[in-house]
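Here is the structure we will look at, set down as structure tokens.
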Amino acid sequence: MCDSDKLDSAFLAYGASKANNFLDADVLILNTCSVRMQSEQKAFSYLGRMEEFKQQNPDVKIIVMGCMTERLGNDIKKRFKSIDLVVGTKDIDNSISKIIDLCCFRNSFKKINSNIQFRSKVISYITIMKGCNNYCSYCIVPFVRGIEKSFDYNTIINKCSSAVKNGVREVILLGQNVNSYKYKNVDFTSLLKSIASIKNLERIRFLTNHPKDLSDDLINVITTNRKMCSHIHLPMQSASNKILRLMNRKYTYEYYLDLIEKLRLAIPDITITTDIIVGFPGENDRDFEDTLNAIKTIKFGGLYVFKYSPRPNTMAFEMSDDVSIIEKKKRHAIILEESNKISAEIALKMIGTRHQVLVEKVKDGFMEAKTKSGRKVFLKIDKKHYGKIVNIIIKEAKINSLFGDVID
Ligand code: 5AD
Ligand code: SF4
């Protein structure tokens, strides 16, 4: 997400604009993901369509980036001969200039971006670390993104400051496990405190956390600093201790539940979201029931559920993928249904409540804003609110969408 964002900004700066479909495009960029096989298959199918399009429109450039390029290397180029450039994940910043050079093959892009109504960005994604050392047994990330490396503290602060000078009001700090950020003697909480002292920056979020590393210090910073948002993405993966052990997650369900209680006690308006994997090797009906019951007990503010997908090199790849695809689909659907029910309940309770939201973007005829706890709220378009924090009241609720009115 962050890499796409960086490219977006670079292209915008060169006067290009986003095309709505292939026909309008000079450049087709595919940002890929290797985390699940399904994402790779989707990428292959896109590449097929892109190649077909390029046969009719030979001037078009095709660029492929993201972790699939690390996993498959030159094989992608061998299979799809019309790709112009393959960009790895480890060197994205330097590669952006290469991409721009390749694409500025005409003096101007087809569509010059002079007409954008709301130009400056309100939210900026800033990567603070890359890679991961956790080796969860199902996960390909340590193999395609490498071992954990925290980025230079000063560079991060400069990036945040210059984003704010350009109109950004909220930064979202990214890393596979932000809690273990460590650059010289700066740890994650000290980094947050420094970022929070940047003038005119209103909000700070971060993604993603590993339950075993979420510290009391961090909870303390969130409770005491008004710029810290009250949303934590805390992947649980499973609530069966047997499966958690096989996943090499290094915590038990009881530990996870204690953490949730601690967070809710300290930050009453917190939204906790999570990731769940169903159909991990050895997951029987009882293990699955444990996870389903945990979801009913905890009532997450949102969740992503994935069907286990064996990935090469991982420890779980050696285990027998013994839950059938039919069973995986069934479990996936049950979790999704329960989660939608809970989301609808939470959303309904929000009708009539008041919040401060930051107005982030315009989409589908609405302005999109977010509460501090990360709930998306749609508002009527009013240019003067763009990029501002405004008071709103929730008027209407659907499963994942809230609609509100400004009450200033
Ligand atoms: N199969 C299914 N889901 C996976 N995830 C990571 N690897 C796999 C895999 N092999 C999920 C985890 C993680 C999220 C980003 O993707 O839930 O938290
Ligand atoms: Fe993958 Fe996240 Fe585990 Fe790292 S902590 S190995 S990125 S699931």
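Every read-out reported here was derived from the displayed coordinates using simple, explicitly stated rules and does not represent laboratory data. Please read these numbers as outputs of a predicted model, since none were measured by experiment. So basically every Cβ, Gly included, is an ideal-geometry build from the backbone, and we count neighbours across all protein chains shown.
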For the chain the mean separation of alpha carbon contacts under 8 Å (6+ apart) over residue count, i.e. relative contact order in percent, is 11
GNM of the chain, Cα pairs under 10 angstrom: of Tyr46, Tyr153, Tyr304, the biggest fluctuation goes to Tyr46
Sorted by chain and then number, the residues having a modelled amide H within less than 5 Å of the amide H of Arg205, at least 5 places away or on another chain, are Val171, Ile172, Leu173
With label points set 7 Å from each Cα along the Cα-to-Cβ direction at Arg49 and Gln356, the distance between them in nm comes to 4.2
In the chain the DSSP beta bridges are antiparallel at a rate, in percent to nearest 5, of 45
Given the candidates Asn340, Tyr153, Ile381, the one whose Cα lies deepest towards the positive end of the charge dipole of the chain, counting +1 at each Lys or Arg C-beta and -1 at each Asp or Glu C-beta, is Ile381
In the structure shown, of Lys372/Lys395; Lys193/Lys242; Lys262/Lys361; Lys349/Lys370; Lys18/Lys370; Lys227/Lys296, the pairs separated by more than 28 angstrom at the C-alpha atoms are Lys193/Lys242; Lys262/Lys361; Lys227/Lys296
Shape call for the stretch 356-408, from the Cα gyration tensor axes a ≥ b ≥ c (a/c under 1.5 means rounded, otherwise prolate when a/b beats b/c, else oblate), comes out rounded
For Lys149, the lysines lying under 19 Å Cα to Cα, once residues fewer than eight places off in the same chain are dropped, come out as Lys90, Lys130, Lys159, Lys182, Lys184, Lys212
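Just in the stretch 243-336: which trypsin sites (Lys or Arg not before Pro) are loop by DSSP and have at most 16 other Cβ atoms within 10 Å?
On the way: sites: Arg245, Arg249, Lys250, Lys262, Arg264, Arg286, Lys296, Lys299, Lys307, Lys328, Lys329, Lys330, Arg331; in loops: Arg249, Lys250, Lys299.
Here the trypsin sites (Lys or Arg not before Pro) that fit, given the DSSP loop and packing criteria, are Lys250, Lys299.
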Expected unfolding gain across Lys199-Phe22 under the 0.36 nm per residue rule, minus the alpha-carbon gap, is 59.6 nm
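Express the C-alpha Rg of the stretch 197-261 as a ratio against the empirical globular expectation 2.2 N^0.38 Å, rounded to two decimals. If you can, show how the numbers build up before the last one.
Working: Rg = 14.4 Å, N = 65, 2.2 N^0.38 = 10.7 Å.
Scaled against compact globular proteins, the figure is 1.34.
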Of Asn313, Asn177, Asn209, the most mobile residue in a GNM of the chain (C-alpha springs, cutoff 10 Å) is Asn313
Looking only at aspartates and glutamates whose Cα falls under 13 Å of Lys363's and that sit 8 or more positions away or on another chain, we get Asp382
Partner aspartates and glutamates whose C-alpha sits under 13 Å from that of Lys388, ignoring same-chain residues fewer than 8 away, are Glu170, Glu202, Glu360, Glu368, Asp408
In the neighbourhood of Val278 defined by beta carbon distances under 10 Å, the net charge of the other residues (Lys, Arg +1; Asp, Glu -1) is +2
